[in-house]
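One structure is given here, and the rest of the page talks about it.
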Amino acid sequence: MKEISGKRMAVLVGCNYPNTEYELQGCINDVIAMKHMLSKRFGFDEKDIELLSDEEGSSALPTGANIKKALENMVDRAMEGDVLYFHYSGHGTLIPSLKQNEPHRKDEAIVPCDFNLITDMDFRQLVNKLPPKASFTVLSDSCHSGGLIDQEKEQIGPTTMASEDQARCSRPKFIPYDQVLQKLKQLTSIDTPNIGRHLKEHFKDQASLSFCLNKLDQAQLSLERATKDDYGILLSGCQSNETSADVSLEEGEGGEAHGAFSNAVQKVLMQNSGRLSNKEVVTKAREVLQEQLYKQHPCLYCSDENADATFLLQS
């Protein structure tokens with residue numbers, strides 16, 4: 001991709017789910033650290049960085065509606081050559097696919113603090129709306145995050161690199177589908193295994209496109225992907241069949257909780273002051289996690305051109 005100087009905008013989301021059975025410790029720390037990195041190294045103006053967290057006293061909670069609104073506003077503002085970045089640290093899950101001809105497949109989703117799931121199809125729609133030569137980098141430090149942009153090409157992942165068994169495992173950033181469904185049943189008081197019905201009933205038009213579009217509209221969304229340039233770039237904390245680790249205060253280096261993948265990316269960027277390609281960032285993050293014996297394998301999904309493009313088009 002030709003490096004064109006433009007606006008730099010970011011949305012950063014950290015979900016710790018405090019005082020719940022799903023509580024994590026390091027997610028807010030992850031996005032605070034990345035906010036500092038974006039402004040100091042990558043030229044992002046703080047006024048163009050929006051941070052959503054469920055920290056006590058937060059002015060904007062990371063609900064599904066708030067996250068999607070922030071992302072849609074960022075994409076709508078984008079012009080040719082702009083650099084867009086989304087960093088998510090929190091739980092992920094897998095849901096039964098509703099896509100045509102994929103009855104046995106599962107789709108990736110992130111879990112906002114209110115359980116209004118955001119799926120791979122939502123991210124595909126955002127990427128499809130980008131103007132020419134704008135880049136949209138998604139870093140998702142969550143379980144089952146490989147493939148979080150629907151139909152994005154795998155550059156580094158389960159079919160391109162062999163994975164070795166490793167030993168270390170902290171708390172996974174994963175909420176099983178049956179627990180997500182049970183939580184939604186509590187919200188709607190409807191006894192049905194149809195997750196789409198729960199989401200549409202409780203969140204109305206703020207529910208994911210995966211549950212609001214009919215099969216014809218879903219096919220059209222896929223067709224748009226096949227007929228235009230693709231500027232989406234996904235750095236995932238793990239493969240779609242793996243979990244990502246949340247490292248507790250006791251385990252974390254320097255006495256600070258963090259996400260294993262977010263922390264690995266921070267290490268890579270701090271240890272390499274020059275330009276790094278997207279492929280190099282993911283490869284080096286894999287090496288860091290392997291040295292730390294974490295049982296997760298970060299992946300890269302994007303076009304061939306963007307695999308070799310500089311991470312966040314650093315100048």
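Overview of results
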read-out: Paramagnetic reach from Glu256 (point 7 Å along Cα→Cβ, amide N under 11 Å) across segment 29-70; value: 29-37
read-out: Three-way shape label, segment 28-89, alpha-carbon gyration tensor, a/c 1.5; value: oblate
read-out: Accessible area (Å², per residue) of the chain, counting only protein heavy atoms and a probe of 1.4 Å; value: 43
read-out: Loop trypsin sites (Lys or Arg not before Pro), segment 243-292 (other Cβ atoms within 10 Å of the site Cβ: 11 or fewer; DSSP); value: none
read-out: The chain - charge dipole about Cα centre, Lys and Arg +1 at Cβ, Asp and Glu -1, debye rounded to 20; value: 540
read-out: Furthest towards positive pole of dipole, His144, Thr310, Pro62, structure part the chain, Cβ charges; value: Thr310
read-out: Dipole of the chain, positive direction: furthest Cα of Leu71, Leu187, Met34, with charges on the beta-carbon; value: Leu71
read-out: Matching label, mean projected area of the Cα convex hull in nm² computed from the structure shown, candidates [x] 15.4; [y] 18.5; [z] 22.1; value: [x]
read-out: Added length on full extension, which subtracts the Cα-Cα distance from 0.36 nm per residue, Ser58 to Gln271; value: 73.5 nm
read-out: Extension gain (nm, one decimal) between Ser39 and Met79, 0.36 nm per residue minus Cα-Cα; value: 12.4 nm
read-out: Counting DSSP beta bridges with both ends in the chain, the antiparallel % (nearest 5); value: 40
read-out: Apportionment of accessible area to carbon and sulfur, the chain, percent (1.4 Å); value: 46
read-out: Among 8-16, 170-178, 240-248, the order from most to least packed when residues are scored by Cβ within 10 Å on average; value: 8-16, 240-248, 170-178
read-out: Separation in nanometres of the label points that stand 7 Å from Cα toward Cβ, at Asp205 and Lys133; value: 3.5
read-out: Spacing of the two label points (7 Å from each Cα toward its C-beta) at Thr188 and Asn241, in nm; value: 3.0
read-out: Contour minus Cα-Cα distance for Leu249 and Lys106 (0.36 nm per residue); value: 48.2 nm
read-out: Subset of Lys35/Lys279; Lys68/Lys129; Lys40/Lys279; Lys173/Lys204; Lys99/Lys173 violating a 18 Å alpha-carbon distance limit; value: Lys35/Lys279; Lys40/Lys279; Lys173/Lys204; Lys99/Lys173
read-out: Extreme residue, positive dipole direction of the chain, given options Ser262, Ser135, His91 (C-beta unit charges); value: Ser135
read-out: Within the chain, helix-based [θ] at 222 nm, where runs of 4 or more DSSP H residues each add -39,500 (n - 2.57), nearest 500; value: -10000 deg cm²/dmol
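The values are calculated or read from the model by the stated rules, or taken from the named source; none is laboratory data. Predicted, not measured: the structure shown is a model, and the values here were computed from it. As a convention, Cβ positions derive from the backbone with ideal geometry for all residues, glycine included, and neighbour counts pool all protein chains shown. Accessible surface areas use protein heavy atoms only, side chains included; no ligands, DNA or RNA. Shrake-Rupley method; radii C 1.70, N 1.55, O 1.52, S 1.80 Å.
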